[in-house]
1. Using only the alpha carbons, work out the radius of gyration and Dmax of the stretch 193-338 in angstrom.
2. Could you tell me the calculated FRET efficiency between Lys345 and Lys517, based on Cβ-Cβ distance and R0 = 56 angstrom, to the nearest 0.05?
3. Between Ala544 and Glu638, take the C-beta separation as r, use R0 = 60 Å, and let me know the FRET efficiency to the nearest 0.05.
4. Do the alpha carbons of any pairs in Lys371/Lys517; Lys48/Lys117; Lys272/Lys304 sit beyond 25 Å of each other, and which pairs?
5. Under 20 Å from the 7 Å Cα→Cβ point of Gln20, by amide nitrogen: which residues of the stretch 53-89?
6. Cα convex hull of the stretch 30-90: how many Å³ per residue?
7. For the stretch 159-243, rounded, prolate or oblate, judged on the Cα gyration tensor with a ≥ b ≥ c (square roots of eigenvalues), a/c < 1.5 rounded, else prolate if a/b > b/c?
8. Shape call for the stretch 473-520 from the C-alpha gyration tensor, a ≥ b ≥ c root eigenvalues: rounded (a/c under 1.5), prolate (a/b greater than b/c) or oblate?
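FYI, it's all coordinate maths here, none of it is from the lab. Here the structure is a predicted model, which is why all the values come from computation and not from measurement. With ideal geometry, Cβ positions are generated from the backbone for all residues, glycine too; neighbour counts draw on all protein chains shown.
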Amino acid sequence: MTKQTSEHAVASAEGFALLQDTIGSLSEGVAIFDAQHRLVIWNSRYLKIYHLVADLIVQGAHWRDLVRASVFRGLYANAVGNEDNWLAENLDQGITYDREFAVSHTDGTSYQSSFHKTSSGGFIVTRREITEQLAAEASAQERERLVQTVIESNPVAIVMARLGDGKIIYRSPAADVKFGKIAYAQDFFISAEERQKYVDLIKPTGAVDGARLTLVDAQGNQFTAAASGRITEYNGEQVVVTANTDITEQMESEALIRQVLEACPAPVQMNKAETGEILFSSPETIALFGDVATVGKTYVDMRKREAYVEELRKFGFLNDRKVQYYDASGVPIWTAVSARMIRYKGEEVIVSHTRDLTEQLAIEQEMADQKEMLFQNEKMSALGELLAGVAHELNNPLSVVVGHSLMLSEEASDPEVIRQINKISKAAERCTKIVKTFLSMARQQPTRMEYCDINALIKTAVDVASYGQAFERIVVASDLAADLPQIEVDGDQITQVIINLILNAEHAMNDAGQGGKIQITTKRRADGKSVSIIVEDDGPGIAADIRGRIFEPFFTTKAVGEGTGIGLALSHRIILSHKGQIRLSSKQGKGSRFHITLPVVNKPDREVEPVAPKPASEPTGSVLIVDDEVDVADLTAEILERTGYKVDVVYNPADAIELLRKGDYTVILSDLNMPDIDGRGFYDVIARDFPDMIDACGFITGDTMGKSSQSFLKDTQRPFLEKPVSPSELRAFVTAIQNKKEVVQ
């Protein structure tokens, strides 16, 4: 090889390497084929584009083989399923040079392809990706179509006219319908001067929104339009593009809305946020606040409005904000305000609805009071269970003490013995009263309901409570309504409540040396469904920290030995058991006020007169006594035997059942709570096996508080006595059962 030949070879190699580096740096895919259409060189981008035939892209590969492999391996999107036809159309016709065409691949990419001849008879293939370009063009075309569709389908009449002479350049289909095919914009104004006013309005800023114009439609009819316009350039000229909306119906609707707002039963108002100037007030608002010019005159505290406006500016709305205003008569009231901040004629305007909370707050207070009463009732129920248990345990021994002491007092003749018996009797009676008090507190229902004159009960309570030296400087005054209906209550219990309240007030005033009047008022409430009793004084009142505890059992502010803490707790229970309410309102140093409400229950038109018991000429007959308390049973038997009855005593129901199988009894007296067979079981046996003797049954028990006992006595309607029992009560009880049994038979 000559030196010249060697240098030429080196130059060729360097040139080829330079060519490789050049096409390798291109972003397009490039491949060079020789005159026999065989692959000479290609770059990595070309290899990536033809990734499905990458294994065939080697030097010497024929162009036609690469194309056919690309088709059958699914590279070209429009050749899939149509391979032979595609090859016939694109391959068999040969290569077309110096033109660009788009090719879509099955992976979603698109390329701009071209073939260019080389001087050696070969050709260069270039592939430039245009996927994003095609997508952008498609999107732009779609937007253009969308804009065109929107404009042409928009019911708003859109007109583009030259700014100077008003020559119309474009009108939407809606504008054609509304105005007709007119040539100049001023032709649909009522005059050229009005069109010029519109142009002058839009010129300073180049835009206007919501301008009210009076225009003329295709039929020559005038109508009001809201015009929004913009000045822009089109083909080197300034034009005005205007959207005209017929607001005739809107204006009619606005007139209707105003009429509705003025007739609306809710307080609605519009006022300027900055100054508080009132722009609109519905009649209801005027009725609530009066006819004022600014909201400043209605605020109790104007600082609250400042915070209110700032919050509206921040969030744009408020719902049910609690605000205190002066009403039309100048009285402060609490309200709930819901408001929105809007822009009206370029200013911040507050649109608000105000709801008077006076009635709602009264209801909420009532509910809070009822909740407190329920809480007190729960505490009283717990106390009731305790007291009922204590009373039950005391009843039996007290029955023995009371009974024997009364029997001894009837028989004794020695003055000293009688004196001692009287002491025993008084002590026993005191214990009995304590037990009765416990039972009254624990009882769920009043003991004896009857229709009573409330005013008469109050007069009795005043007479009883105001007796004594403690009332020498205290006046008890009454203001009793004359139109009160008789209501169904336990008269003794209600009297006791009034006495408790009077005595508590007297003690507080004397102890503090403050106040001297107790006022008792009765009235029928406005709804006619209840009667109010108000006991109030001008004494020292009750401290705030203990008001919530005054109805608690055993809570007292009196000195040790002066109070038990039961009086108000008992009063609370009595009123609740009558389905009523008792509430306290008091301010320390300004007296106390107890408000009692009792429901009015219509008195039946006809009352069944009770059948007077037939008096027994002589206490005769046989009595069966069943009680597991031996001392109580024996005492009962002794009292009745001394009266003249023949008495059998047993200490369990099983023995009583055996006696019933052997003979009949005039009266059967049974305890309720007994082991094995209790009073309920014993009664069931009588009802089943000795039905003729069911009317002879009566019960003497210390358990009238248990729910099962109450239910049993209510269901059977049998007479009962509550322990402890005096001899006179026992005799009357037996006589009543005996007489009723004779009437039934």
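1. Every Cα atom of the stretch 193-338 included, Rg and Dmax give 21.9, 70 Å.
2. 0.30
3. About 0.55, to the nearest 0.05.
4. Lys371/Lys517
5. Taking a point 7 Å out along Cα→Cβ of Gln20, the residues of the stretch 53-89 whose backbone N falls under 20 Å are 54-62.
6. 81 Å³
7. Details: a/c = 1.68, a/b = 1.26, b/c = 1.33.
Oblate is the answer for the stretch 159-243, as a/c is 1.5 or above yet b/c matches or exceeds a/b.
8. On the way: a/c = 4.86, a/b = 1.79, b/c = 2.72.
Since a/c reaches 1.5 but b/c is at least a/b, the shape of the stretch 473-520 is classed as oblate.
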